[in-house]
Every structure is written in structure tokens, then in C-alpha cells.
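Each remark here refers to the structure printed beneath this line.
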Amino acid sequence: PYTTVATGVNGTSYSDTGLPAETTYYYVVSALIGGGQSFDSSEIGVTTPVVHTMLPIADSYVESGGNANVNYGSSTNLLVKNNITISTRNTYLMFDVHTLTNAQSATVTLVPNRVDDTTVKMYYELASPNWTENGITWNNQPGGTGIFFATNTVAVGVPVVLDVTSAAVSAATNGGLLSIRITQPTNTLNGLIQFCSKESTSPALRPVLTYVLPANTPPMLSAI
């Protein structure tokens, strides 16, 4: 009754990927020994988890200099640049994670739509959630916590994926808000990096948090 999904696997592990969510599969394995094939192993069943996504509840960037009191919460883009001679820009995102207390995994995906310098590193840092999309400016932006999710360089159209599992689970029971700050520590004249915001006209390019929760097992009631 089984469909062969892999042959000639060397080693003792194999990943069957690309399967639909919330579906139960049953597997057996057999070994090839000296030209012969063993009997099947005992059967084991596994149910693929449910994968959820959510948009930020808030995202914005802030800008120094003459725009230090300007709010960019309605912008379709999120800008990051470190240029003290002109203006520096930092980006903030916030997700509502109060239901993620038992999350098995959580990642944030951002898509750059403009990269003026592919060599400058970006810093993704946990930040205080004490800000609002329509209220944050350069002058009232919260600081970072010193906890970094990643540092990397970026390219146009190549998604940036951040593992935020630990931070999301922790935040779920500590206010329920996950706040992220993106900065550019290197001062560079042509280093503008731009991500799509949740207001982007292209839904596929908007920032999202993707998470997996444990499968729900319905209770089995004894017959009355």
C-alpha cells in the first residue's frame, strides 16, 4: 500500500518535504544489504503541522536630520541607511505574538526592493515595543535591546528570513508584542536599503511572520 518516495538513501535520515499541512502520512523503510532488500520496518505515522502567517500590526521607518519629527507609518517602503552627513534611517516592525506561547518555529521574512550597496551589512535587533505606527519618529524611537537575530548583506528581490522563535515565544507571555529594529551600522554614502512595508501594493512582497503551532488533537470521549 506504500508509495516509494526515496531510494538509494545513504545514512539513517531522510526528509520528505513539500507536503500539505494537516495531513497524516505513514512510512516504512527497508535496507539494501549485500544486493538484497530487507523486509519493511514497523510503520510510523506523522501529521504535518499547520503553517500560519501574519502581517505586522505596525511598521515604519524613522529619519534623522530635518525630518526627525516626521512620521512615515503610511509609507509603502521601509528605509534603512546610515549617513550622518545627510540623514540616517532606521526601520521598525511589530507583530502581535500573544498566541505563540507554544510555537514550534517562527520566522520573519522581508523582501528588499532597492539595494544601493550590496556590501553593507544590515543588523536585525530585538527592540522595545513602546512605539506606534502613526506616532514613531526619529526623536521618540525606542532603542535596541542588544539581542540580534542576524546580520547580513542583502540583494534586491532575495527574501531575508530571520529566525525569531525564541523571542516570539518569550514575548507571547510578556506583553504579546514582538518588536524588531533594522539598522545599518556602517556609514556609507550610497548605502540605502529599502524593504516593502505592509502597505505595499504587492501582497507577496509585504513583511510576514510565519509560524508553526503544535497539531491540535481532538479529545476522545468514552461511550456512555
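The values are calculated or read from the model by the stated rules, or taken from the named source; none is laboratory data. Small disclaimer: the values here were computed from a predicted structure and weren't measured. Methodologically, a virtual Cβ is constructed for each residue, glycine included, from the backbone with ideal geometry; neighbour enumeration extends over all protein chains shown. In case anyone asks, the SASA skips ligands and DNA or RNA and just uses the protein heavy atoms, side chains included. Shrake-Rupley method; radii C 1.70, N 1.55, O 1.52, S 1.80 Å.
Suppose the filter is within 19 Å of S197 (Cβ to Cβ), open to solvent by 50 Å² or more (accessible area, probe 1.4 Å) and either under 20 Å from the mean Cα position of the chain (by Cα) or of a type outside the set (A, V, I, L, M) (or both); does T119 pass it?
no
What number of residues in segment 1-15 are open to solvent by less than 50 Å² (accessible area, probe 1.4 Å) and not aliphatic (A, V, I, L, M)?
0
Just to be sure before I move on: is A103 closer than 30 Å to D117 by Cα and touching a residue at least 60 places away in the same chain (Cβ under 8 Å) in the structure I sent?
It is false that A103 is closer than 30 Å to D117 by Cα and touching a residue at least 60 places away in the same chain (Cβ under 8 Å).
In the set L209, L213, L162, which member is open to solvent by less than 80 Å² (accessible area, probe 1.4 Å), among the aliphatic types (A, V, I, L, M) and modelled with pLDDT under 95?
That would be L213, the only listed residue that is open to solvent by less than 80 Å² (accessible area, probe 1.4 Å), among the aliphatic types (A, V, I, L, M) and modelled with pLDDT under 95.
Residue by residue through segment 190-204, note down the ones that are over 20 Å from the mean Cα position of the chain (by Cα) and open to solvent by less than 50 Å² (accessible area, probe 1.4 Å).
G191, L192
Test of understanding: among A106, A127, which residue is at pLDDT 95 or above and more than 13 Å from the chain's Cα centre (by Cα)? Even if it seems obvious, please write down each step before you answer.
Values: A106 fails: more than 13 Å from the chain's Cα centre (by Cα).
The match here is A127.
Which numbered condition trips up G18, out of (1) outside any strand (DSSP E or B); (2) at pLDDT 85 or above; (3) under 30 Å from T165 (Cα atoms); (4) open to solvent by 70 Å² or more (accessible area, probe 1.4 Å)?
Here G18 clears every test but (2).
Filter segment 82-103 for residues that are modelled with pLDDT of 95 or more and surrounded by fewer than 17 Cβ atoms within 10 Å (Cβ to Cβ) and give the result.
The answer is H98, and nothing else.
Give the residues of segment 29-59 that are assigned to a loop (DSSP other than H, G, I, E, B), aliphatic (A, V, I, L, M), touching a strand residue (DSSP E or B) at 6+ places or on another chain (Cβ under 8 Å) and over 30 Å from Y72 (Cβ atoms), sorted by residue number.
Matches in segment 29-59: A31 only.
Rundown of residues vs (1) within 17 Å of S64 (Cα to Cα); (2) β-branched (V, I, T), yes/no style:
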position	(1), (2)
I84	yes, yes
S87	yes, no
T91	yes, yes
V97	no, yes
V115	no, yes
K121	no, no
N140	yes, no
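Which of (1) within 30 Å of F195 (Cα to Cα); (2) under 30 Å from the mean Cα position of the chain (by Cα) does G65 not meet, given it meets every other one?
(2)
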